Amino acid sequence: MRYYFVVVFPTRLKSRISHTLSYPVTAKEISEALADVPQAGALSIDFFHYQRLRERGKPYAVLSVHYTLNSALEREWSVQVRPVPRNLRHTVNELLKEQAFPAMREWLLHRRNLSSEHGGQALTAIFSERDASLRLEHFQSGGEAFSA
């Protein structure tokens, strides 16, 4: 029998949330899914809750992986998790494991050589409560387009 353990990425922030909400994935699930990406040693996780009132009822971000440069021009890789209604946690968890984690893993593998000239980038999983679906969107702020 082989035993192994996964190093759980550090959690920088975990916002308190209402008892009616739940974070759809755990730090351990994220760490297991992304354990073998080149950025694994630099990834951190933020469990973050903020929603504008005008966005209620619309599809919303539930999981994002980000590349940014901090004020000291150091590369930062992070994962941001946002809460969902508690009754949808299992549905969103399954969608993230089936669709978002594999896509985020590939996204990170292809971006192992990002630099300041590429600006900030993110891959975000957006959940729609209306049809219980997930879509992935890539965002880039400034910089040159990146091609692997």
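For the listed peptides 78-90, 127-139, 13-25, a ranking on the average number of other beta carbons within 10 Å per residue, highest first, reads 78-90, 13-25, 127-139. Summing Lys, Arg as +1 and Asp, Glu as -1, what charge do residues with Cβ under 14 Å from the Cβ of residue 132 carry, residue 132 excluded? Once all neighbours under 14 Å are counted, the net charge is -1. Counting Lys and Arg as +1 and Asp and Glu as -1 over every other residue whose Cβ lies under 12 Å from the Cβ of residue 24, the net charge comes to +2.
Taking the number of Cβ atoms within 10 Å of each Cβ as an exposure proxy, the fewest-first ranking of 11, 124 is 11, 124. Straight-line reach from residue 58: taking Cα to Cα under 23 Å and skipping same-chain neighbours fewer than 8 places apart, the lysines in range are 97. Subtracting the Cα-Cα distance of residue 76 and residue 131 from their residue separation scaled by 0.36 nm leaves 16.4 nm.
Each other residue within a Cβ distance under 14 Å of residue 92 adds +1 if Lys or Arg and -1 if Asp or Glu, for a net charge of +1.
Would you mind getting the Kirkwood hydrodynamic radius of the range 11-141 from its Cα pairs, rounded to one decimal in Å? Numbers along the way, then the final one.
Values: mean 1/r = 0.0659 Å⁻¹.
In the range 11-141 this quantity evaluates to 15.2 Å.
Placing a pseudo-label 7 Å from each Cα along the Cα-to-Cβ vector at residue 90 and residue 138 gives an inter-label distance of 3.5 nm. The simple spin-label model puts a point 7 Å past each Cα toward its Cβ; for residue 16 and residue 109 those points are separated by 4.2 nm.
Each reported figure results from applying straightforward, stated rules to the coordinates on display, with no laboratory input. Everything numeric in this text was worked out from a predicted model, so none of it was measured. Glycine gets a Cβ as well: all are built from the backbone with ideal geometry, and neighbour counts include every protein chain shown.
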